[in-house]
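The values are calculated or read from the model by the stated rules, or taken from the named source; none is laboratory data. In this text, all values refer to a predicted model and were calculated from it rather than measured experimentally. All Cβ positions, even for glycine, are placed from backbone atoms using ideal geometry, and neighbour counts span all protein chains on display.
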Ligand code: URA
């Protein structure tokens, strides 16, 4: 999906003070019914300009297969389109003693890119929005639920649109969407114990989608 030039330019200007790199537009079919919203690109995505192509992407592909969804049939996007990074120490040779590590986007970064996600939701007008992880769920719904308590549920609700970017004020859309919260695909790497919960939620969502 193309953006109007001014939306991208304004977003890039707002992002200037922040440690982020790359820009990933999103990928897939905007005529489909399902939009997937991730958090922000990682290193590989920022370099290639495509969403979910790293380790989390492999996990996402497994989950999509279970759901019976193909990447070509859905649209994949994220809350923030650039990779948020922080400098961490490393002993690796030729690294200068530091390297960039991924981090969660902060609220200012989420606000800076909010008009981009709003534009994509309004333009595609998906029936179903699957959020991957807490950052995406909170951005889309304005709710801070624990994902473990709502995973796989179908929530009929408006989505949040930014009203005042600087102040970080959001308002609900007039339209209602079906929002389905899932864990971020990388969550299972940090906490393998949730695998069973993930499998159950995917079964539940698959039944709903079919
Ligand atoms: N996590 C995301 O949310 N998006 C990506 O593209 C990769 C990892």
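Count, please, the residues in the stretch 1-11 that happen to be in contact with a helix residue (DSSP H, G or I) (Cβ under 9 Å, 6 or more places away or on another chain) and free of Cβ contacts under 8 Å to residues at least 40 places away in the same chain. Lay out the reasoning, then the answer.
At the first step, the residues of the stretch 1-11 found to be in contact with a helix residue (DSSP H, G or I) (Cβ under 9 Å, 6 or more places away or on another chain) are 1, 3-4, 7-8, 10-11.
In the following step, the residues that additionally are free of Cβ contacts under 8 Å to residues at least 40 places away in the same chain were identified as none.
Of the residues in that region, 0 qualify.
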Looking at (1) modelled with pLDDT of 95 or more; (2) surrounded by fewer than 22 Cβ atoms within 10 Å (Cβ to Cβ), find the lone condition where residue 210 falls short.
-> (1)
Residues in the stretch 79-102: is at least one part of a helix (DSSP H, G or I), free of Cβ contacts under 8 Å to residues at least 60 places away in the same chain and away from the ligand (no atom under 16 Å from the Cβ)?
-> no
Would you mind stating whether residue 71 is in contact with a helix residue (DSSP H, G or I) (Cβ under 7 Å, 6 or more places away or on another chain), buried (at least 16 other Cβ atoms within 10 Å of the Cβ) and farther than 21 Å from residue 125 by Cβ?
-> no
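Each row is one residue, and each column tells you yes or no for (1) closer than 20 Å to residue 170 by Cα; (2) surrounded by fewer than 22 Cβ atoms within 10 Å (Cβ to Cβ).
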position: 97; (1), (2): no, yes
position: 107; (1), (2): yes, yes
position: 137; (1), (2): yes, no
position: 142; (1), (2): yes, yes
Any residue in the stretch 167-185 that is buried (at least 18 other Cβ atoms within 10 Å of the Cβ), in contact (Cβ under 8 Å) with a residue 24 or more places away in the chain and in a helix (DSSP H, G or I)?
-> no
Any hit, the stretch 28-51, residues being within 8 Å of the ligand (Cβ to nearest atom), touching a residue at least 24 places away in the same chain (Cβ under 8 Å) and assigned to a helix (DSSP H, G or I) = yes
Boolean, residue 62 is part of a loop (DSSP other than H, G, I, E, B) and within 16 Å of the ligand (Cβ to nearest atom) | no
